[in-house]
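The values are calculated or read from the model by the stated rules, or taken from the named source; none is laboratory data. Note that the coordinates shown come from a computational prediction; the quantities given were computed from them, not determined experimentally. All Cβ positions, even for glycine, are placed from backbone atoms using ideal geometry, and neighbour counts span all protein chains on display. With ligands, DNA and RNA removed, areas are computed over all heavy atoms of the protein, side chains included. Shrake-Rupley method; radii C 1.70, N 1.55, O 1.52, S 1.80 Å.
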Amino acid sequence: MLAKNLEECVEFAPEGGKVMVRTAPVGKSGGTPGVELRVALQALEIIDAVDYGMTKLADLMIKHVLVPAISNISVAVSVEALEKSGPQYPISILCVTPTEELQGYKDGSALYSRIIDIIKFVCETICGENITWMQSFSKLTWSRISDLVIKHFISKAVPHEASKLIEFQDVVRSTTEFENTLRNMMFISHEKRDGKLTQFVDDVEVHFAVRKRNEILVKARHLLVHYDYDNPLASHDREDSIVDLLFLPEKCFISKSALQLMKLVHGALKDACLSSARVAKELCYAARDALLLYKAIVPVQLEKQLDSINQVAAIIHNDFYHLSQEILGLAFEYRADFPGDLQKLVVFVDLAPTFSQMADGVLTRQIQLVTANLIEAIDGADGFQNTHQPQHYESAKFSIEQVVFILEKIHIMWESILPRSIYKRSMCYILGSVFSRITKDMLLIDDMAAEETLQLQGLIHLALENLSSLFLSLVENEFLDHQTWIELDEIIRPLKKFRKLAELLDMSLKSITAAWESGELTNCGFTSSEVQNFVKAIFADSPLRKECLLWISRTPS
């Protein structure tokens, strides 16, 4: 009944923002007044039930008065006292009304002033400035008031840039003054649990750093997840994606996602150099985590593309390769400017090998896929046997054309994307495996007709002629002259043997024997057994063939 009597003394407007306090409730019947507010609270105190009696009142005060006063910027608090009139007891009215004068919280002084006015109203009109009753109301409301202030003001006032942290000191000052005022009013105690607001503003660097770190990671994830990897070359500003490698005098094409990711990382580390150790640490870890997001998201998101031959896979290789070099450079670029002990604590160099290995893994998988396709095409020639027969010749010719088509496709796909040295090394490896396999198949033929040797020679020339543009992309020369072929033979070792095989198919037995004796065939990569088998396959048994074979077998390679 006492709690009910207390509630009847305090009336809240249904629309919120207004509360009326009477010194005693109006009776339900005949307008007879009930127990006075002060008497009801005294009775509740005697039975140690003030907290119970004030619970609903505190909830309603939070809902109808404090939430509107704290969550809205442009409001004002006004108090009006009505004198005793007839049977009515004096009434005090508090209103939270909209106003156009307040445009923002700035240092929070306007907000804190409103809250103090509301608390004073409660202390004077409801609690009668009784310290016990005030502290009961405080216990029921202060934690929620603090949370509202943090949510609607302080957390929003935390700066977005490290350079703005100094301006936040005004908020720290006004918040400290606000809590001190409430302590002087005996509304809150000096205990740590009642200093929630000052604890929060004192830790503003932590809040700033955490928010900044979250922002960086959200941006990084968004750009990695939403980047259109299916059309990486379609951008009108693709020139921006051609970047210099940090530790090599070369350029390569990278995705916009990797480009923007590094901008995000550099931005975080630049801010770290201008921040305190606590903030800088979070920013550095955010930069590390952003880089690791690329490693975690992109290979999974593009699993299908990485398991097939396409430009996207080549670009992802470049991304990892570029990032690995950029990571190595971060230590040199920023570490000296990091605050204090952070110079030894935060490192990036440990990430570089992982990214480099990822790049190697992507490229190795592409080379494996290309090589598998080429081997499949070569297998279609059925060992290049019986090419003197039209059907077998057409099959072998189609096989060579397929090989040329695949190689030219890779040439066009990789040359404009991969770093020059990696493109050259990769293409030389693939070409070497192709020429080595074709040469091996042709040398395994155990019997060749005269017409067959000419057909095989023609197939070799067909391959070499149709790959001229690819050959020129591997050297600095503009024409396939003698010197260019020498250079190509040096960088693609099986090519020299492949070209020499074309000559052997049209050479006499004595010329072949002389070439072996001079060491020319050995320099091209031929073994004694290969030359002997080749001679047996081309030339019919004769005393001269026996003599030459004996000479070849006795002559050291």
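What percentage of the solvent-accessible surface of the chain, computed with a 1.4 Å probe over protein heavy atoms, is contributed by carbon and sulfur atoms?
With neighbouring chains kept in place, the figure for the chain is 53 percent.
Averaging the Cα positions of each part gives two centres, and for segment 167-211 and segment 429-488 these lie 80 Å apart. For the chain, the Cβ-based charge dipole about the Cα centre amounts to some 1460 debye (Lys, Arg positive; Asp, Glu negative; other atoms uncharged).
Calculated FRET efficiency, residue 397 and residue 510, Cβ-Cβ r, R0 51 Å, to nearest 0.05? My answer for the efficiency is 0.95. Computed extension length for residue 109-residue 449: 112.1 nm, one decimal, from 0.36 nm per residue of separation with the Cα-Cα distance subtracted. Farthest toward the positive end of the dipole of the chain, out of 528, 225, 3, is the Cα of 3, where the dipole comes from beta carbon charges about the Cα centre. Shown here: segment 210-356, whose C-alpha atoms stretch 48, 34, 28 Å along the first, second and third principal axes, sorted largest to smallest. Shown is the FRET efficiency for residue 240 and residue 270, computed with R0 = 25 Å from the Cβ-Cβ distance and rounded to the nearest 0.05: 0.80.
May I ask you to compute the full-extension gain from residue 116 to residue 184, defined as 0.36 nm times their residue separation minus their alpha-carbon distance, rounded to one decimal in nm? Could you put the intermediate results ahead of the total?
Numbers: separation 68, 0.36 × 68 = 24.48 nm, distance 1.16 nm.
Here the answer is 23.3 nm.
Distant-in-sequence amide contacts of residue 18, defined by a placed amide H-H separation under 5 Å and a gap of 5 or more residues or a different chain, comprise 13, 96.
Computed about its Cα centre, the charge dipole of segment 360-554 is approximately 520 debye, with only Lys, Arg, Asp and Glu carrying charge at their Cβ.
Each residue of segment 273-280 was assigned a 3J(HN,Hα) from its phi angle through the Karplus expression (A = 6.51, B = -1.76, C = 1.60, θ = phi - 60°), giving 5, 9, 10, 5, 4, 5, 6, 4 Hz with x at Gly and Pro.
For segment 1-194, averaging the sequence separation of C-alpha pairs within contact (under 8 Å, six or more residues apart) and dividing by the residue count gives a relative contact order of 20 percent. By a 1.4 Å probe calculation restricted to protein chains, residue 508 has an accessible surface near 60 Å², given to the nearest 10. Residues whose amide H comes within less than 5 Å of that of residue 75, counting only those at least five positions distant or on another chain, are 99 (H built at 1.01 Å from N in the peptide plane).
Accessible surface of residue 45, taken over heavy atoms with a 1.4 Å probe and every protein chain present, rounds to 80 Å². Extending 7 Å from Cα along the Cβ direction at residue 71 and again at residue 461 yields two label points whose distance is 8.8 nm. Counted by Cβ distance under 10 Å from residue 185, the other residues give a net charge of +1, where Lys and Arg count +1 and Asp and Glu count -1.
When the Cα positions of 157, 39, 187 are compared along the charge dipole of the chain, 39 comes out farthest toward the positive end, with charges on each C-beta of Lys, Arg, Asp and Glu. Around residue 341, with a cut-off of 13 angstrom between Cβ atoms, what is the net charge of the other residues, counting Lys and Arg +1 and Asp and Glu -1? Neighbour charge sum, excluding residue 341 itself: +4.
Take every Cα pair under 8 Å whose residues are at least 6 apart in sequence, average their separation, divide by the length of segment 155-233, and the relative contact order is 30 percent. Remark: spin-label model distance residue 47-residue 518 equals 12.3 nm, labels positioned 7 Å along the Cα→Cβ axis.
Mean residue ellipticity, 222 nm, helices only, the chain: the sum of -39500 (n - 2.57) across DSSP H runs of n ≥ 4, divided by residue count and rounded to 500, is -20000 deg cm²/dmol. Quick one, which of (1) 0.92; (2) 1.76; (3) 1.45 is the actual Cα Rg over 2.2 N^0.38 Å calculated for this model? Working out Cα Rg over 2.2 N^0.38 Å from the coordinates points to (2). Here the calculated FRET efficiency for residue 425 and residue 259, from their Cβ-Cβ distance with R0 = 30 Å, stands at 0.75, rounded to the nearest 0.05. Once you list every other residue whose beta carbon is under 9 Å from the beta carbon of residue 251, what net charge do they have if Lys and Arg are +1 and Asp and Glu are -1? Counting the neighbours of residue 251, the net charge comes to -1.
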